[in-house]
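What follows is a short report on a single structure.
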Amino acid sequence: MNTAHFLRIERDTVSGEPTHYVVHTQDPKFSMELVPDRDAPNKVGRGVIKRLCVPNSWAGDYNRYAKLITQAQDFFNQSFADPVSKAETRRFQT
């Protein structure tokens, strides 16, 4: 999975519960609003999809993009992992 194409945005709400968005930054661009799965062992899980915003060109062709939606959920789970040291991330740059 190429996680470089995904971005997680966390916003605070009035109720105090943060809102999480995962955005796919390459074509096809889409965004998902997710809430952590409180029943998962780590209390985050792959997230529960609350809203999915896709381009109009996706109409009727969701099965084609199901793999990207699954990858976005996996990215959501991985984004809560402990951060990697700076030296570790530089090792993988080209």
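Going by a ≥ b ≥ c, the root eigenvalues of the Cα gyration tensor, does the stretch 7-49 fall in the rounded group (a/c under 1.5), the prolate group (a/b larger than b/c) or the oblate group? Don't skip to the answer; put the middle values down first.
Values: a/c = 2.98, a/b = 1.40, b/c = 2.12.
Oblate.
List the residues whose amide H sits under 5 Å from the amide H of Gly45, counting only those 5 or more places along or on another chain, with H placed 1.01 Å from N in the peptide plane.
Asp37
As an exercise, use a Förster radius of 30 Å and the Cβ-Cβ distance of Ile9 and Asn42 to find the FRET efficiency, rounded to the nearest 0.05.
Values: r = 20 Å, r/R0 = 0.68.
Between Ile9 and Asn42 the formula returns 0.90.
Pull up the cross-link candidates among the aspartates and glutamates for Lys50, meaning alpha carbon to alpha carbon under 17 Å and not fewer than 8 places away within one chain.
Filter leaves Glu10, Asp12, Glu17, Glu33, Asp37, Asp39, Asp74.
What trypsin sites (Lys or Arg not before Pro) in the stretch 1-57 are in a loop by DSSP, with at most 10 other Cβ atoms within 10 Å of the Cβ?
Numbers: sites: Arg8, Arg11, Lys29, Arg38, Lys43, Arg46, Lys50, Arg51; in loops: Lys29, Arg38, Lys43, Arg46.
Answer by residue number: Arg38, Lys43.
No value in this document is a laboratory result; all are computed from the given coordinates. Predicted model only: the values in this text are computed from it and were never measured. Backbone-built Cβ (ideal geometry, glycine too); neighbour counts: all protein chains shown.
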